[in-house]
1. Can you tell me which residues in the range 68-96 are touching a residue at least 24 places away in the same chain (Cβ under 8 Å), out of contact with any Pro (no Cβ under 8 Å at 6 or more places or on another chain) and either farther than 20 Å from Gln163 by Cβ or open to solvent by less than 40 Å² (accessible area, probe 1.4 Å) (or both)?
2. Of everything in the range 98-121, what is in a loop (DSSP other than H, G, I, E, B) and within 15 Å of the chain's Cα centre (by Cα)? Give them in sequence order.
3. Within the range 15-36, identify whether any single residue is at positive phi and either modelled with pLDDT under 90 or part of a loop (DSSP other than H, G, I, E, B) (or both), and answer yes or no.
4. Report yes if Pro153 is at pLDDT below 95 and open to solvent by 70 Å² or more (accessible area, probe 1.4 Å), otherwise no.
5. Would you confirm whether any residue within the range 140-147 is open to solvent by less than 70 Å² (accessible area, probe 1.4 Å), assigned to a loop (DSSP other than H, G, I, E, B), over 21 Å from Glu18 (Cα atoms) and not β-branched (Val, Ile, Thr)?
6. Filtering the range 8-38 down to residues that are among the acidic types (Asp, Glu) and farther than 28 Å from Phe99 by Cβ, which residue is surrounded by the fewest Cβ atoms within 10 Å (Cβ to Cβ)?
7. Of the numbered conditions (1) surrounded by fewer than 17 Cβ atoms within 10 Å (Cβ to Cβ); (2) closer than 22 Å to Ala139 by Cα, His44 satisfies every one except a single condition; which is it?
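The values are calculated or read from the model by the stated rules, or taken from the named source; none is laboratory data. In this text, all values refer to a predicted model and were calculated from it rather than measured experimentally. Here the Cβ positions follow ideal geometry from the backbone for every residue, glycine too, while neighbour counts run over all protein chains shown. With ligands, DNA and RNA removed, areas are computed over all heavy atoms of the protein, side chains included. Shrake-Rupley method; radii C 1.70, N 1.55, O 1.52, S 1.80 Å.
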Amino acid sequence: MTEITETAPGWLSPEELELTRARMPILYVDAVPVRVDSSGMVTHVGLLLRIGADGTITRALVSGRVLYHERVRDALIRHLEKDLGPTALPNVPASPQPFTVAEYFPTPGITPFHDPRQHAVSLAYIVPVAGECRPRQDALDFAWFTPEEAVSPMVQQEMAGGQGILVKQALAHVGRLP
């Protein structure tokens, strides 16, 4: 009998992930990267530019799954570094508190959030970022928007799955919804 050593604990194979997604909600984190001034006031919101599975180009937040046996704080840092680069310098507090919980359903219309692949529950955080952001992985670009620009119809229509609503909720949470 041979033993198989697990080299990537917490990761499911694509087949296992698809089966799990079909049977139970998956825990995610959504991060709204922000720039703040010296008084802590949000001055800009950072959004990624991505190509979706269907070929459409959309704006997106930093988002991803929380792995088995991973702290939420560690998942936030992992996804921020993966999407924004190692020099982004995110300021995730020792005990992060989400500003909202977004429930993504595969069926449109149940909530404002939609993910055709799965039922997902996402803890959403506002994360100040002090360093230089360079898109990585599957992101084409990363851009900073003023609060007014981030909630404009033009930017909102570029966001998919209800993430534009998360941007509005984040700005309302910090008193910056124009």
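1. Within the range 68-96, the first condition is being touching a residue at least 24 places away in the same chain (Cβ under 8 Å), and the residues that meet it are 68-70, 72, 75-76, 79-80, 82-85, 87-92, 96.
Next cut, out of contact with any Pro (no Cβ under 8 Å at 6 or more places or on another chain) only: 70, 75, 79, 82, 87, 89, 92, 96.
Listed by number, the residues that qualify are Glu70, Ala75, His79, Thr87, Leu89, Val92, Pro96.
2. Taking the range 98-121 and keeping what is in a loop (DSSP other than H, G, I, E, B), we get 98-99, 106-113, 115-119.
Scanning the range 98-121 gives Pro98, Phe99, Phe113, Asp115.
3. no
4. Working: at pLDDT below 95: no; open to solvent by 70 Å² or more (accessible area, probe 1.4 Å): yes.
No; evaluated as a whole, the condition is false for this residue.
5. For the range 140-147, residues open to solvent by less than 70 Å² (accessible area, probe 1.4 Å), assigned to a loop (DSSP other than H, G, I, E, B), over 21 Å from Glu18 (Cα atoms) and not β-branched (Val, Ile, Thr): absent.
6. Only one residue tops the list, namely Glu15.
7. If we test His44 against (1) surrounded by fewer than 17 Cβ atoms within 10 Å (Cβ to Cβ); (2) closer than 22 Å to Ala139 by Cα, just (1) comes out false.
One line per residue, one yes/no per condition, for (1) among the hydrophobic types (A, V, I, L, M, F, W, C); (2) on the phi > 0 side of the Ramachandran plot:
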{"residue": "Pro90", "(1), (2)": "no, no"}
{"residue": "Gly109", "(1), (2)": "no, yes"}
{"residue": "Trp144", "(1), (2)": "yes, no"}
{"residue": "Ala170", "(1), (2)": "yes, no"}
{"residue": "Pro178", "(1), (2)": "no, no"}
